[in-house]
1. Report every pair of residues separated by at least 6 positions or lying on different chains whose Cβ atoms are under 6 Å apart, first residue within the range 32-61 and of a type in the set (Lys, Arg), second crowded, with 20+ Cβ neighbours inside 10 Å.
2. Go through the range 57-79 and give me each residue that's within 12 Å of the ligand (Cβ to nearest atom) and closer than 21 Å to Arg19 by Cα.
3. Look through Leu155, Leu143 and report the one residue that is more than 12 Å from the ligand (Cβ to nearest atom), assigned to a strand (DSSP E or B), hydrophobic (A, V, I, L, M, F, W, C) and out of contact with any Pro (no Cβ under 6 Å at 6 or more places or on another chain).
4. Having 2 or more residues that are at pLDDT 95 or above is the bar; report the helices (runs of 4 or more DSSP H) wholly within the range 19-129 that clear it.
5. Looking at (1) more than 16 Å from the ligand (Cβ to nearest atom); (2) in contact (Cβ under 8 Å) with a residue 40 or more places away in the chain; (3) out of contact with any Leu (no Cβ under 7 Å at 6 or more places or on another chain); (4) closer than 30 Å to Gly146 by Cβ, find the lone condition where Thr26 falls short.
6. Against the definition (away from the ligand (no atom under 16 Å from the Cβ), over 25 Å from Phe103 (Cα atoms) and among the acidic types (Asp, Glu)), how does Glu4 come out, yes or no?
7. Restricting to the range 92-137, what's the tally of residues that are touching a Pro at 6+ places or on another chain (Cβ under 9 Å), more than 21 Å from Ala39 (Cβ to Cβ) and among the aliphatic types (A, V, I, L, M)?
8. Filter the range 110-164 down to the residues that are within 16 Å of Pro78 (Cα to Cα) and acidic (Asp, Glu) and list them by number.
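The values are calculated or read from the model by the stated rules, or taken from the named source; none is laboratory data. Keep in mind the model is a prediction, meaning the values are calculated, not measured. Glycine gets a Cβ as well: all are built from the backbone with ideal geometry, and neighbour counts include every protein chain shown.
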Amino acid sequence: MELEQLISARRSVRKYENRPVEREKTNACLEAARLAPSACNSQPWHFVVLDDPEIKNAFCKEAFSGVYAMSKWAEKAPVLIAVISDAGNFTSRIGNFFRKTEFYLVDQGISCEHLVLRAQDLGLGSCWIGWLNSDKAAKFLKLPKGKKVEHLISLGYPAESPAPRPRKSFEEIVSYNEYK
Ligand SMILES: Cc1cc2nc3c(=O)[nH]c(=O)nc-3n(C[C@H](O)[C@H](O)[C@H](O)COP(=O)(O)O)c2cc1C
């Protein structure tokens, strides 16, 4: 598919067919994420793929407990990818300090957008999930200190075709040569 088509056709998909995603396809999505640019090329990401139903269900019990229960729909996704951050390399952390910008989060955003667009390209639906209990998720995955599950990405064959969500108009978000 053309990039322009991929971008406009992508939706957050929260209902999936009850069939597994081939590992080759999941890996192709992750390969797209791997190639993303990052501040000082620090590549501050790691992806834990949860596609074993038992392990995934046990993970979901922790990650979507309490106030995070509204993310329980994701239990039915055949694949959940836990996106693990670190704070970037030394040079990018110096950049964070002076710019007061968390570049590693920008970097992760770019890599995950690569991931979801490649998913779209392969006929898969996806959804970003930021609403989870990160502490419980980290404990479940036995993450070392300093690593965090920033968000999850669900993947699967879509069982719904969501309507486009509204966007601000072009004029509202773009101005040339001055801020207005
Ligand atoms: C960083 C981020 C976090 C998100 N977290 C959630 C979430 O926890 N649960 C959810 O259902 N959707 C989540 N979404 C999906 C957004 O709700 C969705 O992208 C937005 O409504 C626009 O819809 P669209 O993706 O179909 O264009 C998240 C999206 C992003 C980019």
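1. Lys56/Leu50; Lys56/Leu80
2. Ser71, Lys72, Trp73, Ala74, Ala77
3. Numbers: Leu143 fails: assigned to a strand (DSSP E or B).
Answer to the selection: Leu155.
4. Values: elements: 23-34, 53-63, 90-99, 103-121.
Output list reads 23-34, 53-63, 103-121.
5. For Thr26, the failing item is (3).
6. Numbers: away from the ligand (no atom under 16 Å from the Cβ): no; over 25 Å from Phe103 (Cα atoms): yes; among the acidic types (Asp, Glu): yes.
So Glu4 fails the test.
7. Matching residues across the range 92-137 total 1.
8. Listed by number, the list holds a single entry, Glu160.
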